[in-house]
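First comes the structure, then the notes that go with it.
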Amino acid sequence: MTTNILLVDDHKLFREGVKRILDFEPSFNVVAEGDDGSTAVKLVEEHNPDVVLMDINMPNLNGVQATSDLIEKHPEVSVIILSIHDDENYVTHALKTGAQGYLLKEMDSDALIDAIKVVSEGGSYLHPKVTHNLVLEYRRLAEENANKPAEKQVDYRKPLHLLTRRECEVLQLLADGKSNRGVAESLYISEKTVKNHVSNILQKMNVNDRTQAVVSAIRNGWVEVL
């Protein structure tokens, strides 16, 4: 099945670089490009894409507002925000408008491809660094809301009743903000093996994506967030 993609970014060189990456993926088809958030809705109506890659900072209309306008008129379209900002305020604001993904522009090609595939299938995808910052904020708020000091202490325990030891290691590295490549390098295994482990983890934990897996693991005390 072909995934039709609309690319909206006001930096032509960046667009060209992203398009070059997407052209190598047989199932991807870039149907149109734009350089302004105000044209995003019009381009969606003309080309009916499955996924929109939307820059967050653009003249006239920024990517967050453009996403809000787009989702309101075309809720069936999935939007991935492209940004240089990893601050949780940017991320949460973008997600509240209806974006299903948030990627930092320092992403590698594998992350870009994975994000599009996940989002096109109805899931959500956050850049690993963004995920790590969000779970840190989640942890901070949880500690602030604790009634007693003792409640701030989490009894970390590995979910060996559910995951294998290797899957526990992979889950911890995901919580540390590692990408698939970073996990592979840390454990001296291939990226393909990492993807298999991640898939098994999501299935066993009954979650849709790695972000949900990490948040659930923190709630259960299965990982440490330093």
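The values are calculated or read from the model by the stated rules, or taken from the named source; none is laboratory data. Model, not experiment: these values are computed from the prediction. FYI the Cβ positions are ideal-geometry reconstructions off the backbone, even for glycines, and counts take in every protein chain you see. Side chains included, ligands, DNA and RNA excluded: accessible areas come from the protein's heavy atoms. Shrake-Rupley method; radii C 1.70, N 1.55, O 1.52, S 1.80 Å.
Structure above, values below:
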item: Computed accessible area, His93, all protein chains, 1.4 angstrom probe, square angstrom; result: 100 Å²
item: Gyration tensor (alpha-carbon) shape descriptor, segment 1-60, a/c threshold 1.5; result: oblate
item: The chain, accessible surface, carbon-and-sulfur percent (1.4 angstrom probe); result: 47 percent
item: Electrostatic dipole magnitude of the chain [Cβ: Lys, Arg +1; Asp, Glu -1; Cα centre; debye, to 20]; result: 980 debye
item: Residue-span extension gain [His85 to Asn62] - 0.36 nm each, minus C-alpha spacing; result: 6.9 nm
item: Per residue value of the accessible surface for the chain (all protein chains in place, 1.4 Å probe), Å²; result: 52 Å²
item: Overall form of segment 165-220 per C-alpha gyration tensor (a/c, 1.5; a/b vs b/c); result: prolate
item: Gaussian network model of the chain, springs between alpha carbon atoms under 10 Å - residue of Ile201, Ile116, Ile56 with greatest fluctuation; result: Ile201
item: Estimated dipole of segment 165-220 in Debye, rounded to 20 [Cβ of Lys and Arg +1, of Asp and Glu -1, Cα centre]; result: 100 debye
item: Hull-based mean projected area of the chain, where the convex hull spans the alpha carbons, in square nanometres; result: 13.1 nm²
item: Helix-derived mean residue ellipticity, 222 nm - over the chain, DSSP H n ≥ 4, -39500 (n - 2.57), to 500; result: -15500 deg cm²/dmol
